[in-house]
Amino acid sequence: MTNGGSIVNIGSIFGLIAGLEGGVYSVVKAGLVGLTQSVATEFGPRGIRCNLVAPGIIRTAMTEVHWHADAFRRVNQELTRFNRDGTVDDIANAVHFLASAEGSYVNSQALALDGGWSATKYLCREAIVAKRVETNA
């Protein structure tokens, strides 16, 4: 790679915040965060930047089978502070920024691209799978 280049890795929010039953997946994605920081440190003196985009749940072929499941919706949609789902275009735009001249002073960062999901409180398994009780309040 020439001096001044940019590397953008694609990780997952689960590399920054572990998820239930996500042990191996979270470990691998956290390792990618470490690799990103190591590359940025090693090659920063040559002007080579390395950053990571850490998407939350994005509707893709990998997630489609779960998309309408109640527990999945509760965790991945109801706890997101936006009123829309993330898209692959959101990821592409973040990558474009980090690779472009506009992002030229960003180095060694993991960008959480999750609509604010990672700022919510953790829910235990019981809260996720609990039956809702309607109240007449």
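The values are calculated or read from the model by the stated rules, or taken from the named source; none is laboratory data. These numbers come from a predicted model, not from an experiment. Here Cβ is always computed from backbone atoms with ideal geometry, including for glycine, and neighbour counts include all displayed protein chains.
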- What number of residues in region 81-137 are of a type in the set (G, A, S), over 30 Å from M1 (Cβ atoms) and within 15 Å of the chain's Cα centre (by Cα)? 4
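Please pick out the residue among G4, G11, G19 that is closer than 20 Å to D90 by Cβ and at pLDDT below 95. Working first, answer last.
On the way: G4 fails: closer than 20 Å to D90 by Cβ; G11 fails: at pLDDT below 95.
Among G4, G11, G19, only G19 is closer than 20 Å to D90 by Cβ and at pLDDT below 95.
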- H96 versus (1) farther than 30 Å from A127 by Cβ; (2) in contact with a helix residue (DSSP H, G or I) (Cβ under 6 Å, 6 or more places away or on another chain): which is the lone unmet condition? (2)
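Which one is nearest to E78 (Cα to Cα) among residues in region 1-42 that are among the hydroxyl-bearing types (S, T, Y) and surrounded by 13 or more Cβ atoms within 10 Å (Cβ to Cβ)?
Pass one, region 1-42, residues among the hydroxyl-bearing types (S, T, Y): 2, 6, 12, 25-26, 36, 38, 41.
With surrounded by 13 or more Cβ atoms within 10 Å (Cβ to Cβ) added as a condition, the list becomes 6, 12, 25-26, 36.
Details: S6: 35, S12: 19, Y25: 22, S26: 21, T36: 30 Å.
So the residue we want is S12.
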- Query: Taking region 43-89 on its own, how many of its residues are of a type outside the set (G, A, S), out of contact with any Leu (no Cβ under 6 Å at 6 or more places or on another chain), crowded, with 18+ Cβ neighbours inside 10 Å and outside any loop (DSSP other than H, G, I, E, B)?
  - Reply: 6
- Please find, among G31, G15, G22, the residue that is small (G, A, S) and in contact with a Phe, Trp or Tyr (Cβ under 7 Å, 6 or more places away or on another chain). G22
- Item | Filter result (within 19 Å of A112 (Cβ to Cβ) and at pLDDT below 80) within region 55-81 | V75, N76, Q77, E78, L79, T80, R81
- Task: Could you pull out the residue among S118, S108 that is in a helix (DSSP H, G or I), hydroxyl-bearing (S, T, Y) and either closer than 13 Å to G56 by Cα or touching a residue at least 12 places away in the same chain (Cβ under 8 Å) (or both)?
- Result: S118
- Query: Mind checking whether some residue in region 91-100 is hydroxyl-bearing (S, T, Y) and farther than 23 Å from H68 by Cβ?
  - Reply: yes
